[in-house]
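The values are calculated or read from the model by the stated rules, or taken from the named source; none is laboratory data. The structure displayed is predicted, hence computed values, not measured ones. All Cβ positions, even for glycine, are placed from backbone atoms using ideal geometry, and neighbour counts span all protein chains on display.
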Amino acid sequence: MKYNSTTDKGIVVSASQAIAQGISTDGGLFVPMEIPQYSFSDIEAFTRLDYRGRAKKILADYLDDFTAEEIAECVDKAYTKEKFGGENPAPISYEKFGDIDMNILELWHGPTSAFKDMALQILPHLLTKSLKKTTDKEAVILVATSGDTGKAALEGFKDVDGTKIMVFYPVDGVSPMQKRQMTTQEGGNVAVCAIKGNFDDAQTGVKRIFTDSKLVKTLNDNGYLFSSANSINWGRLLPQIVYYFSAYADMVNAGKIKVGDKINVAVPTGNFGNILASYYAFRMGLPVNKFICASNSNNVLTDFIETGTYDKNRSFYATISPSMDILVSSNLERFLYHITDGDDALVKEWMTALKTTGAYTIDEQSKAKIESIFTGGFCSDEKTQEIIGEFFNKYGYLCDTHTAVAVSVYKDYAEKTGDKTPTIIDSTASPYKFSKAVLEAVASGEELPGDEFEMVDLLSKKTSTEVPAPLAALKSKQTRFDTVCAKEEMADFVLSTLGVK
Ligand SMILES: *Cc1c(COP(=O)(O)O)cnc(C)c1O
């Protein structure tokens, strides 16, 4: 199994190279050159395996330069009962919203209470094994974050041999809970630094470090190389395919569907990684009827699906579902590659237009193909809170602000179309990561405390739900990282953390 670049099929690499490199030398993203095909009897076999067993089969089919032992080691280290609070790291909660069935796939039972754990708990193991196959250096992972990714990467790479990780976040640009999660991070190979600036400054700073040839050489001379854990790495996308097959098998086992029945998936979308993983599952043989792509007020994808034009020249809104506040969904590039049956020249043309003008329009044929399986919708902050309030106060299920966007868009879709296909709705974060907005929604009109942990306690009392243990534990943890630096000082922070001159 080889991988090629979305914008140049001539660039071909192995699975471990794709993961070690992260992005292709021409700026394209790595995509598998063939997609493994599963029959209904292969899918049936998943019903007799646990999550880890399902993951081993799927990963093995994509990572053919890994041995079965290596894959087993990665999977067994990542998806433990301790880290995910139960045998199944991605359980389904079968709920009802009025007379609409909501099969909520809870992807946030990992150590940082967000769905990014599903990929970032295993990526460090895939990456270190990939690096071992391609280099003898120690990896220095740099991450710029607006919240969830930084913490999930820190937890994933914590004390993983052969890696060091440094995370930069905008000093005033993350939620109080997210800040606390990062500044109290444990582990001997981690460092966290706040930047005087916004998320873009942090991201630009990291990119500058990656491309500073003098700095890169200094690191190399000291036995290090820079690497990245961001969401365009194939090693982050691949583990996400697993939970779609796993959810399907769980629904069969629960008697909700029979093998071969079609399902819909509804996904709260930002960078298009999560929903793309479901599309890979479909291309592998998972019976999917519709992909429901849910956005918040930053509804660039809703417009794209409806019109065929992607246009990022628009207002940016800071919403109560911040992990979906994105105007350029990087993983869409992979989707376009597969929708056009691998037309690298066309993808390159569109991506070049995006870079130069901020917009592109796809051809009628590709648009029709997308329309036949995808539908998009979006939801305002006001509506998001209304849904959270109604879902909990009337029907007893508490969800976070991102999940509520998907619930709302799916509800609209089901009411409008009358489509009764059983639908998986991805739940991407614990409500306790966004306590303020969730509390306002379930206890509207009441006065709220100002302190984050008082809000967490109040939410728990009001809803009789449990605070995830890792979030509850933050209250009594010591702050380890209080460095705040100017954006020009990021390289110095890297060097001094490594003890390199
Ligand atoms: C990252 C994130 C998303 C968006 O996922 P994509 O794969 O980027 O589309 C949605 N919800 C939460 C809570 C997230 O952290």
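Inside region 113-140, can you point out the residues that are among the polar types (S, T, N, Q) and in contact with a Gly (Cβ under 9 Å, 6 or more places away or on another chain)?
Of region 113-140, the ones among the polar types (S, T, N, Q) are 113, 121, 128, 130, 134-135.
The answer is 121, 128, 130.
Determine whether region 190-199 contains at least one residue that is within 26 Å of residue 159 (Cβ to Cβ) and small (Gly, Ala, Ser).
Looking through region 190-199, at least one residue is within 26 Å of residue 159 (Cβ to Cβ) and small (Gly, Ala, Ser).
For every residue, the table says whether it meets (1) without any contact (Cβ under 8 Å) to a residue 12 or more places away in the chain; (2) out of contact with any helix residue (DSSP H, G or I) (no Cβ under 6 Å at 6 or more places or on another chain).
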{"residue": "355", "(1), (2)": "yes, yes"}
{"residue": "367", "(1), (2)": "no, yes"}
{"residue": "387", "(1), (2)": "no, no"}
{"residue": "392", "(1), (2)": "no, no"}
{"residue": "401", "(1), (2)": "no, no"}
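With respect to residue 438, is the statement that it is closer than 26 Å to residue 155 by Cβ, in a helix (DSSP H, G or I) and within 16 Å of the ligand (Cβ to nearest atom) true?
Values: closer than 26 Å to residue 155 by Cβ: yes; in a helix (DSSP H, G or I): yes; within 16 Å of the ligand (Cβ to nearest atom): yes.
For residue 438, the condition - closer than 26 Å to residue 155 by Cβ, in a helix (DSSP H, G or I) and within 16 Å of the ligand (Cβ to nearest atom) - is met.
Considering region 279-295 alone, what residues qualify as being within 15 Å of the chain's Cα centre (by Cα) and closer than 15 Å to residue 406 by Cα?
Hits for region 279-295 are 293, 294, 295.
Could you tell me which numbered condition residue 306 fails, if it satisfies all but one of (1) away from the ligand (no atom under 16 Å from the Cβ); (2) under 17 Å from the mean Cα position of the chain (by Cα); (3) not basic (Lys, Arg)?
Here residue 306 clears every test but (2).
One line per residue, one yes/no per condition, for (1) closer than 28 Å to residue 71 by Cα; (2) out of contact with any Ser or Thr (no Cβ under 7 Å at 6 or more places or on another chain); (3) not in a helix (DSSP H, G or I):
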{"site": "128", "(1), (2), (3)": "yes, no, no"}
{"site": "153", "(1), (2), (3)": "yes, yes, no"}
{"site": "159", "(1), (2), (3)": "yes, yes, yes"}
{"site": "173", "(1), (2), (3)": "no, no, yes"}
{"site": "180", "(1), (2), (3)": "no, yes, no"}
{"site": "185", "(1), (2), (3)": "yes, yes, yes"}
{"site": "188", "(1), (2), (3)": "yes, yes, yes"}
{"site": "204", "(1), (2), (3)": "no, yes, no"}
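Do the conditions hold for residue 80, that is, is it among the polar types (S, T, N, Q) and touching a residue at least 60 places away in the same chain (Cβ under 8 Å)?
Values: among the polar types (S, T, N, Q): yes; touching a residue at least 60 places away in the same chain (Cβ under 8 Å): no.
In short, no.
This table checks each residue for (1) at pLDDT 90 or above; (2) farther than 20 Å from residue 430 by Cα.
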site: 184; (1), (2): yes, no
site: 200; (1), (2): no, yes
site: 212; (1), (2): no, yes
site: 224; (1), (2): yes, yes
site: 230; (1), (2): no, yes
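Please return the ranges of helices (runs of 4 or more DSSP H) entirely within region 316-410 where 1 or more residues are among the charged types (D, E, K, R), away from the ligand (no atom under 16 Å from the Cβ) and within 18 Å of the chain's Cα centre (by Cα). Give the steps one after another, and end with the answer.
Working: elements: 332-339, 344-357, 364-373, 381-395.
The helices (runs of 4 or more DSSP H) meeting that bar number zero.
Can you tell me which of 323, 278 is within 27 Å of residue 239 (Cβ to Cβ) and touching an Asp or Glu at 6+ places or on another chain (Cβ under 6 Å)? Explain how you work it out, then say what you get.
Values: 278 fails: touching an Asp or Glu at 6+ places or on another chain (Cβ under 6 Å).
That would be 323, the only listed residue that is within 27 Å of residue 239 (Cβ to Cβ) and touching an Asp or Glu at 6+ places or on another chain (Cβ under 6 Å).
Could you tell me whether region 284-296 includes any residue that is within 12 Å of the ligand (Cβ to nearest atom) and not in a strand (DSSP E or B)?
yes
Looking at region 14-31, which of its residues are in contact with a strand residue (DSSP E or B) (Cβ under 9 Å, 6 or more places away or on another chain) and in a helix (DSSP H, G or I)?
Of the residues in region 14-31, the ones in contact with a strand residue (DSSP E or B) (Cβ under 9 Å, 6 or more places away or on another chain) are 14-15, 17-31.
Matches in region 14-31: 15, 17, 18, 19, 20, 21.
Residue by residue, here is whether (1) surrounded by 15 or more Cβ atoms within 10 Å (Cβ to Cβ); (2) among the polar types (S, T, N, Q); (3) within 23 Å of residue 250 (Cβ to Cβ) holds:
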position: 340; (1), (2), (3): yes, yes, no
position: 381; (1), (2), (3): yes, no, no
position: 384; (1), (2), (3): yes, yes, no
position: 415; (1), (2), (3): no, no, no
position: 423; (1), (2), (3): yes, yes, yes
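Starting from residues that are out of contact with any helix residue (DSSP H, G or I) (no Cβ under 9 Å at 6 or more places or on another chain) and part of a loop (DSSP other than H, G, I, E, B), keep the ones in region 86-126 and report whichever is nearest to the ligand (Cβ to nearest atom).
Ranking the qualifying residues of region 86-126, first place goes to 86.
With respect to residue 237, determine if the residue is within 11 Å of the ligand (Cβ to nearest atom), under 30 Å from residue 131 (Cβ atoms) and either aliphatic (A, V, I, L, M) or without any contact (Cβ under 8 Å) to a residue 12 or more places away in the chain (or both). Steps first, answer last, please.
Details: within 11 Å of the ligand (Cβ to nearest atom): yes; under 30 Å from residue 131 (Cβ atoms): yes; either aliphatic (A, V, I, L, M) or without any contact (Cβ under 8 Å) to a residue 12 or more places away in the chain (or both): yes.
For residue 237, the condition - within 11 Å of the ligand (Cβ to nearest atom), under 30 Å from residue 131 (Cβ atoms) and either aliphatic (A, V, I, L, M) or without any contact (Cβ under 8 Å) to a residue 12 or more places away in the chain (or both) - is met.
Can you tell me which residue within region 248-275, out of those that are within 18 Å of residue 55 (Cβ to Cβ) and within 16 Å of the ligand (Cβ to nearest atom), is surrounded by the fewest Cβ atoms within 10 Å (Cβ to Cβ)? Show your work before the answer.
Residues of region 248-275 within 18 Å of residue 55 (Cβ to Cβ): 248-253, 273-274.
Of the ones still in play, those that are also within 16 Å of the ligand (Cβ to nearest atom) are 273-274.
Numbers: 273: 24, 274: 26.
Step by step, filter region 248-275, then rank; the result is 273.
Going by the structure shown, is residue 467 crowded, with 21+ Cβ neighbours inside 10 Å, among the aliphatic types (A, V, I, L, M) and not in a strand (DSSP E or B)? Step through it out loud before you land on a result.
On the way: crowded, with 21+ Cβ neighbours inside 10 Å: no; among the aliphatic types (A, V, I, L, M): yes; not in a strand (DSSP E or B): yes.
The answer is no for residue 467.
Rundown of residues vs (1) out of contact with any Leu (no Cβ under 6 Å at 6 or more places or on another chain); (2) crowded, with 22+ Cβ neighbours inside 10 Å; (3) under 16 Å from residue 484 (Cα atoms), yes/no style:
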residue: 159; (1), (2), (3): yes, no, no
residue: 162; (1), (2), (3): yes, no, no
residue: 168; (1), (2), (3): yes, yes, yes
residue: 171; (1), (2), (3): yes, no, yes
residue: 175; (1), (2), (3): yes, no, no
residue: 183; (1), (2), (3): yes, no, yes
residue: 196; (1), (2), (3): yes, no, yes
residue: 199; (1), (2), (3): yes, no, yes
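All but one of (1) under 26 Å from residue 157 (Cα atoms); (2) touching a residue at least 12 places away in the same chain (Cβ under 8 Å); (3) part of a helix (DSSP H, G or I) hold for residue 60, so report the exception by its number.
Exception for residue 60: condition (2).
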